[in-house]
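Remarks on the structure that follows.
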Amino acid sequence: MGIFRLVTSLAVLAFSCSLYSATIYTWVDKAGVVHYSQQPPKDVDAKKIFTEDMEPAKIGTSTPQRKTEQKPEESELAKSAKIINEKDKQQANDICESAKHSLNVLKTHTDLSQQNKETGDTSKLTEEQRQAAIAENTERVKLFCK
């Protein structure tokens, strides 16, 4: 009697795996979003997928890799600053002092004017131009003041 129970239990267990399979419905909506459901949607042409036909995906098989930061390409100003810093320390110091002074003026005053080098006309500096000049002189201070 014990062997009969064992054989019956194993048979039931073997055939019960197919009872656990389910039907999954999948479809793509008008926005391009993929949906999955165990219930068939109304008024939508959904594709049937049986869980027994699906292969499990491997999980956790790859090691996360640290992203290496790529150095941005060196600007023309940075290239010329490198050459000037190596060959002419006095010129680099002069550029540094000039950039510090210009930066101080640009940050402390908002109502500034500039003179056109070609025509000699004076015009008011816009806020965008002032911010661009601040950024440029900040970069010069970084490159020449060492």
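The values are calculated or read from the model by the stated rules, or taken from the named source; none is laboratory data. Predicted, not measured: the structure shown is a model, and the values here were computed from it. Positions of Cβ are generated from backbone atoms using ideal geometry, with glycine treated the same way; all protein chains shown enter the neighbour counts. Accessible surface areas use protein heavy atoms only, side chains included; no ligands, DNA or RNA. Shrake-Rupley method; radii C 1.70, N 1.55, O 1.52, S 1.80 Å.
Some values worked out for this structure:
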{"read-out": "Pick from segment 113-144, criterion surrounded by 14 or more Cβ atoms within 10 Å (Cβ to Cβ) and not in a helix (DSSP H, G or I), ranking: farthest from the chain's Cα centre (by Cα)", "value": "114"}
{"read-out": "Qualifying residue in segment 68-77 (condition: out of contact with any Pro (no Cβ under 8 Å at 6 or more places or on another chain), part of a helix (DSSP H, G or I) and open to solvent by 60 Å² or more (accessible area, probe 1.4 Å))", "value": "yes"}
{"read-out": "Residue match in segment 56-70 (condition: without any contact (Cβ under 8 Å) to a residue 60 or more places away in the chain, of a type outside the set (Lys, Arg) and touching a Ser or Thr at 6+ places or on another chain (Cβ under 7 Å))", "value": "no"}
{"read-out": "Segment 83-118, residues that are β-branched (Val, Ile, Thr) and free of Cβ contacts under 8 Å to residues at least 60 places away in the same chain", "value": "83, 95, 105, 108, 110"}
{"read-out": "Residues located in segment 119-135, provided they are at negative phi and without any contact (Cβ under 8 Å) to a residue 12 or more places away in the chain", "value": "119, 121, 122, 123, 126, 128, 131, 132, 135"}
{"read-out": "Unmet requirement for residue 50, which otherwise passes all of (1) of a type outside the set (A, V, I, L, M); (2) modelled with pLDDT of 85 or more; (3) farther than 30 Å from residue 139 by Cα; (4) surrounded by 10 or more Cβ atoms within 10 Å (Cβ to Cβ)", "value": "(2)"}
{"read-out": "Per-region count, segment 14-47, residues of a type in the set (S, T, N, Q), modelled with pLDDT of 85 or more and exposed (fewer than 10 other Cβ atoms within 10 Å of the Cβ)", "value": "2"}
{"read-out": "Complete set of residues in segment 85-103 that are modelled with pLDDT of 85 or more and open to solvent by less than 90 Å² (accessible area, probe 1.4 Å)", "value": "88, 91, 92, 93, 94, 95, 96, 98, 99, 102, 103"}
